[in-house]
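Everything on this sheet refers to the single structure shown next.
The values are calculated or read from the model by the stated rules, or taken from the named source; none is laboratory data. It should be emphasised that the depicted structure is a prediction, and the values quoted were computed from it without experimental measurement. Here the Cβ positions follow ideal geometry from the backbone for every residue, glycine too, while neighbour counts run over all protein chains shown. Just so you know, the surface numbers come from the protein's heavy atoms only, side chains and all, with ligands and any DNA or RNA stripped out. Shrake-Rupley method; radii C 1.70, N 1.55, O 1.52, S 1.80 Å.
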Amino acid sequence: MMHDDIVVVGGGLAGTTAAIAAAREGASVRILTHKESTLRSASGLIDVLGYLPDTESATRGPLQNPYGHLDALPDDHPYSIVGEAKIRDAFELFDTLTGDQYLGGHTDANALLPTFGGSMKPTARYPASTAPGLLSRPVDTLLVGFDRLVDFDAPAAADHLEHADVPFDVRGVTVEFPGGFRADAKLTRYVNALDRNEDVDPPNQAAEAIPAREALATAVEPHLENEGRVGFPAMLGDDHAAAVRSDLETLLGVDVFEVPMGPPSIPGLRLQDTLDSALRDNGVRVESGNPVVGYETDARGVLDAVLVDRNGNHRPYHADQFILATGGLVGKGLETNRETAREPVFDCHVDNPPARYEWFSMEAFGDHEFARFGVHPDDHLRPVDETLEPEFDNLRAAGAVLGGYDFAAEKSGSGVSLATGYAAGTAAARDL
């Protein structure tokens, strides 16, 4: 019989943080996850709070100091439930786990970074590879895109930043990535070429191949004018990303930075690798590939096990404490039909308006009720039923499966995952 102190259902940022926090308290922990973490699709930026919800657009942000606005959040917001101290503890743990891979821990203030669409993104922690691109630095900037990687339109992004009145001049150019890769090559093919510094055909069609980093610098250098930094889509290597960026800086004679991208996210993959190493270092067992489909209780009605579906067979995993971190609507941690929303593993209560047309606003960027769907926890992060009683005394929830906040509008998703994951993990371990 499989038995652990704590079983975490879900292997994203919230579940991983919960597992590591619990393991550091001395608990034996197992993560059960069906699919790959959503970090692989995320930007790699780690937010606390970028905007206040339900405020006029002219006054809503971006926020300079997120901690200074926590008391303005609703009482049922996850941050209001865990409190500022736990948020800070969670970010301290994140800083410990990521080391010099991430920056921003020196201040409570948000940093502003450019995104692939040319908008300004407020964030609390950012990969070191993005740091030279901080919008607070008044350094003229060249953005570089590639003709076969259409997700980053560098000239359009530069125009958007210019219209945002950034304190520097910015231009965008599109070049051909050297090497003659196939038109349908995956992003990781380009990443690997730079990571390994493969010999590729240079852009000037010289007879001999040259290393990929040198070839890329050769393609970009003629477009430089008086800029002091160059921004590339976030694809500058994986295992040797720091070396790729350092070599390009030496070859071009300017600062080089990465612009956060959408999926597939190379910074997200780098962060996932770091957190996977932390799980191993802290003795957390991870089982993936099969869904958790239900649960068992003992004779007293206490949650005793979760059931994992393996080819139609339901295998129980027993524990003393459980943490639900399966994500929200996007991550399939919540399900909906035409009448209601539900949490499918433990069948926890999810509040939603009875009329489906009340779930959303007719305006695309309006106040959508469905964005705040989720289980509602008590002060100990235990999901409660319709009478506000805990569904189970030994079940806690963390991350996007929680209701009461709109992570997309607030730019708070990763911060809530860290804070509630940390709070749930430490509380579960201390209740053993």
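Side notes on the structure shown:
- Qualifying positions in the stretch 144-161 - open to solvent by less than 90 Å² (accessible area, probe 1.4 Å) and touching a Gly at 6+ places or on another chain (Cβ under 9 Å): VAL144, GLY145, PHE152, ASP153, ALA154, PRO155, ALA156, ALA157, ALA158, ASP159, LEU161
- Test for ALA90: is it open to solvent by less than 50 Å² (accessible area, probe 1.4 Å), over 30 Å from VAL150 (Cα atoms), part of a loop (DSSP other than H, G, I, E, B) and out of contact with any Asp or Glu (no Cβ under 9 Å at 6 or more places or on another chain): no
- Restricting the stretch 379-391 to residues that are buried (at least 19 other Cβ atoms within 10 Å of the Cβ) and assigned to a loop (DSSP other than H, G, I, E, B), the residue that is farthest from the chain's Cα centre (by Cα): GLU391
- Considering the stretch 195-213, and only residues there that are open to solvent by less than 80 Å² (accessible area, probe 1.4 Å) and either over 27 Å from PRO263 (Cβ atoms) or assigned to a strand (DSSP E or B) (or both), the residue that is modelled with the highest pLDDT turns out to be PRO211.
- Count of the stretch 318-348 residues which are over 26 Å from the mean Cα position of the chain (by Cα), closer than 25 Å to LEU418 by Cβ and not small (Gly, Ala, Ser): 1
- Remark: GLU227 falls outside the filter, which requires a residue to be closer than 16 Å to ARG137 by Cβ, in the same structural domain as ASP169 (by TED's automatic domain parsing) and without any contact (Cβ under 8 Å) to a residue 12 or more places away in the chain.
- From VAL230, VAL244, residue being modelled with pLDDT of 95 or more, surrounded by 15 or more Cβ atoms within 10 Å (Cβ to Cβ) and part of a strand (DSSP E or B): VAL230
- Total residues in the stretch 164-194 satisfying the condition of being closer than 18 Å to ALA219 by Cβ, of a type in the set (Ser, Thr, Tyr) and in a helix (DSSP H, G or I): the figure is 1.
- Filter pass, VAL170 being without any contact (Cβ under 8 Å) to a residue 40 or more places away in the chain, among the β-branched types (Val, Ile, Thr) and closer than 19 Å to GLY253 by Cα: yes
- Here MET120 fulfils each of the conditions (1) in the same structural domain as PRO377 (by TED's automatic domain parsing); (2) at pLDDT below 95 apart from (1).
A quick yes/no check of all residues on (1) among the aromatic types (Phe, Trp, Tyr); (2) open to solvent by 60 Å² or more (accessible area, probe 1.4 Å); (3) closer than 29 Å to ALA19 by Cβ; (4) at pLDDT 95 or above:
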{"position": "VAL254", "(1), (2), (3), (4)": "no, no, no, yes"}
{"position": "GLU258", "(1), (2), (3), (4)": "no, no, yes, yes"}
{"position": "MET261", "(1), (2), (3), (4)": "no, no, yes, no"}
{"position": "VAL284", "(1), (2), (3), (4)": "no, no, yes, yes"}
